[in-house]
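What follows is a set of notes on a single structure, which appears directly below.
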Amino acid sequence: MGAPKKAPARAVSDDPEDLASVPLQAVLLADSFATRFRPITLERPKVLLPLVNLPMIEYTLAWLESAGVEEVFLFCCAHAKQVISYLENSQWYAQPKFKVTTIESHNSVSAGDALRLIYERNVIHGDFVLISGDTLSNMSLMRALQEHKERKKKDSNAVMTMVIQRSKPSPITQQSRLGTDGLFMAIDPTTKQLLYYEENTNHLKGTLSIDKMLLVDNSSITLRNDIQDCYIDICSPEVLSLFTDNFDYQHLRRHFMKGLLVDDIMGYKIFTHEIHSSYAARVDNYRGYDTISKDIIQRWTYPLVPDVLSLGNSATNLERQGMYRAFEIGQSRSAQIGPHTVIGTNTTIGSNTKITNSVVGKNCAIGSNVLIEGSYVWDNVTIEDGCELRHAIVCDGVIMKSGSVLKPGVVLSFKVVIGQNFVVPPYSKVSLLKQPTKQDSDEELEYADNDSDTLDPATRTMDKLNGDSSLEFSEMQDHVSSELGYGGAGYIWSICEGSHEEEWRHSVAPIPPEKVAEITQVIEDDLELVSQDSNAPASSGELKPDTQINAEDDAVYFEKEVEATFLRAVNENVEVDHVILEVNSLRLSYNMQAADCAGAIFHSMMKLALDATHSSQNELLRNVHETVNTWQKLLKSYLPGKDEEIEVILKFEEICLESVRELSPLFTQILHLLYEKDIITEEAIEDWESEKKDADEADRVFVKQAEIFLKWLREAEEDDEEDDE
Amino acid sequence: MPDVQALVNEFLFKLKNGEILKIEGSHATARQTAILLRSVISQQRIPHTHQAAALIDAVKAVGEQLVAANPVELAVGNIVRRVLHIIREEDLSLTTVAMAGLNVSPVSDDEGETDQDDHPVLSAAAVAAASRNTLRPPSLQTLLEDLPDSTAIPHTSSSGGDSDGKSKSADKSTRSRKLKHDVIEALNELIGDIDTCHEQIAEQAVEHIHQNEVILTLGSSRTVLEFLCAAKEKKRSFRVFIAEGAPRYQGHLLAKELVARGLQTTLITDSAVFAMISRVNMVIVGAHAVMANGGVIAPVGLNMVALAAQRHAVPFVVLAGSHKLCPLYPHNPEVLLNELRSPSELLDFGEFSDCMDFGSGTGSPLLHVVNPTFDYVPPKLVSLFITDTGGHNPSYVYRLIADYYSNDDLVLQRKPAPTN
């Protein structure tokens, strides 16, 4: 112990000299401007929700303090009063060398608004750390900050350094461990400049389009999808003014980053800093809440772990197998408390109760024969005998009457009462508040009613409830007793449309096996589609090795596509040039040859002729005439040489033999027609004939049929030769 | 007082975040604790009665916070207890001086009366002198060794026959000032002791390391480094095997330092210890703490080294400054006195992130990484402790502890929180 102080000590001592001039500041957004944690966030701001028995903001502040930040501007919006009163009762206002200032706003609806307000206040003087109150980390800021400053010195346009971490996305759902959508980034490997940032990659079905200028401008480029955005940004003051200049920027990533990367007007650059040995993550949804809780219990966030980071007197002990137990708990001898479990102070646990992989808060009363598995039980919860909880979140003050069951993914908001023997269906969200009826369809605007100024009816009810509410409470109880069993209180929120399918993605429950099977199936189908769709190099990594087998199918698909294009062109009188363009693009995407196009177009032409009304062979022939007349230019453009022409003849044969038997008697006439129209040269016909010489009788049907024509051709040729002589 | 509170807060913060800031070794922590307590004592206003009690309360209040901030860093608690012991002793010696000829028992105005002995008590000067090279009076060793001359003073000194009541009241102000003064004096001694403990230990190096020996150590410890260097300076030529000390690999740093000082060094993996131990003459390691039963809390991996040493009858020597002597007994040491650190020291998070995707499967983590900081080496595996007061047997540690701490102070934490 104690010896190797030299190296780190020196590293630390260098930095303060640089930093001494300007105290390091941080902007902490104590509002997520999102609705993922509803209904819980209707009653309590997200940053105060307990994460392993400590409010999330505690982790963020503890990290900022330990990372050497000296001044924090805490921006609160939704439930600002609660946040402020929490801070007043906490230790944070009393810290020396760590100043916390709250900025309260009632009309900010996005991170953009918040930053604009902070810019108006004119409190940020140098580089600052931008973080939201639901982020936790144990990384050391020093290196990232130093890198940022050095880059800034060299290039004043380097305004932001974002912290990223490697984390593999799930192969099944393409979403990250934290339940966020897959993330795709392009980074310059030498300068670490961020060149491209794309969320929601799983909606793109495996294809991704990148501006080719990226490849032109940068000598090397790394494309990565195993990156997790930590939502910790080191920003220069310019970032704030950028937000002010572009008043339509709302979302940090979607607008600001896109604006800087794509529009590129100002030439500002964003860089990345990848952390390897430390941890950083943001609680974005219930799945992330679950994952991060488990990471904390597994001590990835060390030293931000329950036994080190304890509030007040509630010291927690770490025991074997990741069990954290507070000192004062009442536990029955026969209760089994399994691995990776946290039990808060003054909680009592009855006999034969089994708790595994769960977090139980302070002052809970848990009866006997209760099963708690993978769940998060907050403070002051009463769980009576024989209840079962699997992968659920149970907020403060909930009462579960005996025998009630929570299925996976259930969220019980504050003070809900579940009636006796009632089974709460999977993924339901239960709250004492009614679901806001008016749901803004646009997600961007949804947070409007998060705002404490524009209280929607539900929030208002809540405020009354928090005051003296016995009357209303009982009233409510009468209303809903049917909904949550006898004696229950609360409303089950109907899952709003659109997100229905997403419920399992973002819940605390693991993905059910049948869903996994379903997704795997879909992915396999997708993969097939992808391999048919394109052989684009971007997705080639995902291609299955058996692409050759699919080549046949490919051809069929391609033919269909061409036919559809052609028919559309006929019906809508599209110009030939445009059709050529469209077919060309199809050809590229299916990786086909000119010959294939010619074959496909010819096929479509014949079909068109056939589909036109006709009663006799002659009429059919006339139709073919017309079609060929109209579209010869199109066909010709795909017939640069003899080989393609032969292909067309072969195709023609095929058509006559297989799909459109009606045309077979007309084979010679049509062949003649094509010859006359200069679509097919005589050399091609001769080659075709010679190719067929050794074939079976069956194959030679058309050669025989065309014998007269061929003979005539040969004679004509000889005549020509004679003429030449 | 606010100044002190600020200092305390700052130190608390350092202790809590010791990992992030990477400042502390237990030596530095011990020193800083002593300095902090010194300023607490010097700022503490002393009432006319129960001066010692007031001081003890003040120190206890601060000490409790410090210990709670980082219960694993035992050095903090040790120093707090020693300071409390010093206060009690100084008070006792003052009282004995004041009440000449009387026994210890009539000292009713402080809590110090429960001090472990009805033996003669040393004066402050004597304590200071004694603590330098040898031990406190009640130890057998001290009785056998020649006592410093000054020890004679308190026992026999009788400062005349003035009546008790009078002298007490008249003496009050001077006495309180004297108590504080003496305590701070003794504290300075303590800080000096901590400062010099490395040298004190290193001085004994030549007695233990002989020509052409092979020494094995694990990880890195400043005490061990200085110990080896001291032997080197005395022209001993010997070789050092260093087990690297995964997962923190501090052995690498030690190897660097030793090579810089011209020592023949061999670096091995931890798992090679058993293979190499038969060629080793002595194992010399540092410790995180020495418990009252003679067991050692040491960097992880040392229990294995100790077992290997025992198997091949190689002496297992632990170097520990007296600030590492802890008066507690190790109950469940693997868990309670250990610190489980982040798995990131063992695994790359990015590489293993798919093993920790709780979205699929049963939702329960299948991969569990355990990364303890310390090992517990039971006393039977330790051959010798070398402290700044000399070499001791594990079975003797409890006596050493009785010299440094008073029984009242053993339990610091579980008391109801004092009002401060």
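The values are calculated or read from the model by the stated rules, or taken from the named source; none is laboratory data. These figures come from a predicted structure and were not determined experimentally. Don't worry about glycine lacking a Cβ; one is built from the backbone with ideal geometry, like all the others, and counts go over all protein chains shown.
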Can you pull out every residue in the range A:353-370 that is in a strand (DSSP E or B) and either within 14 Å of chain B (Cβ to nearest Cβ) or under 19 Å from residue A:318 (Cα atoms) (or both)? A:354, A:355, A:356, A:359, A:360
Test: residue B:239 is among the basic types (Lys, Arg) and touching a residue at least 60 places away in the same chain (Cβ under 8 Å): no
Return the residue satisfying two criteria in turn: it lies in the range B:315-341 and is touching a Gly at 6+ places or on another chain (Cβ under 9 Å) and part of a loop (DSSP other than H, G, I, E, B), and of such residues it is farthest from the other protein chains (Cβ to nearest Cβ). B:327
Residues of the range A:329-340 that turn out to be under 17 Å from residue A:315 (Cβ atoms) and assigned to a strand (DSSP E or B), as a count: 2
I'm trying to understand the selection: among the residues of the range A:175-202, which are at positive phi and not charged (D, E, K, R)? A:179, A:200
Being within 14 Å of chain B (Cβ to nearest Cβ) and in a strand (DSSP E or B) narrows A:74, A:61, A:136, A:130 down to just A:136
Kindly list the number of the only condition in (1) facing another protein chain (nearest Cβ under 9 Å); (2) part of a strand (DSSP E or B) that fails for residue B:376. (1)
Of those in the range A:98-107 that are without any contact (Cβ under 8 Å) to a residue 40 or more places away in the chain and assigned to a loop (DSSP other than H, G, I, E, B), the residue farthest from residue A:254 (Cα to Cα) is A:98
Out of the residues in the range B:197-211 meeting the condition of being under 19 Å from residue B:315 (Cβ atoms) and hydrophobic (A, V, I, L, M, F, W, C), tell me which one is farthest from the other protein chains (Cβ to nearest Cβ). B:206
Can we say residue B:305 is more than 20 Å from residue B:396 (Cβ to Cβ), at pLDDT 95 or above, part of a loop (DSSP other than H, G, I, E, B) and more than 14 Å from chain A (Cβ to nearest Cβ)? no
Answer yes if at least one residue in the range B:380-400 is aromatic (Phe, Trp, Tyr) and over 28 Å from residue B:284 (Cβ atoms), and no otherwise. no
If we scan the range A:158-172, do we find a residue that is surrounded by fewer than 22 Cβ atoms within 10 Å (Cβ to Cβ), within 13 Å of residue A:227 (Cβ to Cβ) and more than 14 Å from chain B (Cβ to nearest Cβ)? no
State which residue is surrounded by the most Cβ atoms within 10 Å (Cβ to Cβ) when the search covers only the range B:212-236 and only residues that are of a type in the set (D, E, K, R) and within 12 Å of chain A (Cβ to nearest Cβ). B:222
Give the residues of the range B:43-68 that are outside any loop (DSSP other than H, G, I, E, B) and under 12 Å from residue B:179 (Cβ atoms), sorted by residue number. B:51, B:52, B:53, B:54, B:55, B:56
Per-region count, the range A:319-328, residues closer than 19 Å to residue A:363 by Cα and either part of a strand (DSSP E or B) or more than 10 Å from every other protein chain (Cβ to nearest Cβ) (or both): 5
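Conditions tested, residue by residue: (1) closer than 20 Å to residue A:280 by Cα; (2) hydrophobic (A, V, I, L, M, F, W, C).
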position: A:42; (1), (2): no, yes
position: A:54; (1), (2): yes, yes
position: A:60; (1), (2): yes, no
position: A:63; (1), (2): yes, yes
position: A:69; (1), (2): yes, yes
position: A:73; (1), (2): no, yes
position: A:78; (1), (2): no, yes
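So if I check each of A:528, A:575, which one is closer than 30 Å to residue A:603 by Cβ, modelled with pLDDT under 80 and within 30 Å of the chain's Cα centre (by Cα)?
So the residue among A:528, A:575 that is closer than 30 Å to residue A:603 by Cβ, modelled with pLDDT under 80 and within 30 Å of the chain's Cα centre (by Cα) is A:528.
Residue-wise test of (1) charged (D, E, K, R); (2) buried (at least 20 other Cβ atoms within 10 Å of the Cβ); (3) part of a helix (DSSP H, G or I); (4) in contact (Cβ under 8 Å) with a residue 12 or more places away in the chain.
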site: A:81; (1), (2), (3), (4): yes, no, yes, yes
site: A:96; (1), (2), (3), (4): no, no, no, no
site: A:109; (1), (2), (3), (4): no, yes, no, yes
site: A:118; (1), (2), (3), (4): no, yes, yes, yes
Evaluate the range B:360-367: report whether one residue or more is modelled with pLDDT of 85 or more, at the interface with another protein chain (Cβ under 9 Å from one of its Cβ atoms) and on the phi < 0 side of the Ramachandran plot. yes
Flag for residue A:643 being in contact with a helix residue (DSSP H, G or I) (Cβ under 9 Å, 6 or more places away or on another chain), modelled with pLDDT of 75 or more and surrounded by fewer than 18 Cβ atoms within 10 Å (Cβ to Cβ): yes
Options A:324, A:302; residue that is at pLDDT below 90 and surrounded by 23 or more Cβ atoms within 10 Å (Cβ to Cβ): A:302
With the condition kept exactly as written, say whether any residue in the range A:265-280 is under 30 Å from residue A:508 (Cα atoms) and in contact with a Phe, Trp or Tyr (Cβ under 6 Å, 6 or more places away or on another chain). yes
Restricted to the range B:13-33, and to residues that are over 12 Å from residue B:70 (Cα atoms), at pLDDT 70 or above and facing chain A (nearest Cβ under 8 Å), which residue is surrounded by the fewest Cβ atoms within 10 Å (Cβ to Cβ)? B:28
Taking the condition of being within 9 Å of chain A (Cβ to nearest Cβ) and part of a loop (DSSP other than H, G, I, E, B), how many residues in the range B:342-359 meet it? 5
Which number in (1) touching a strand residue (DSSP E or B) at 6+ places or on another chain (Cβ under 7 Å); (2) farther than 13 Å from residue B:383 by Cα; (3) crowded, with 24+ Cβ neighbours inside 10 Å marks the one condition that residue B:276 misses? (3)
I'd like the full set of residues that are touching a helix residue (DSSP H, G or I) at 6+ places or on another chain (Cβ under 8 Å) and either surrounded by fewer than 24 Cβ atoms within 10 Å (Cβ to Cβ) or part of a loop (DSSP other than H, G, I, E, B) (or both), limited to the range A:393-414. A:395, A:409, A:413, A:414
Single match in A:260, A:309 (criterion: among the hydrophobic types (A, V, I, L, M, F, W, C) and either more than 21 Å from residue A:229 (Cβ to Cβ) or out of contact with any helix residue (DSSP H, G or I) (no Cβ under 9 Å at 6 or more places or on another chain) (or both)): A:309
Any helices (runs of 4 or more DSSP H) falling wholly within the range A:198-309 and containing at least 2 residues that are at the interface with another protein chain (Cβ under 10 Å from one of its Cβ atoms): A:286-297
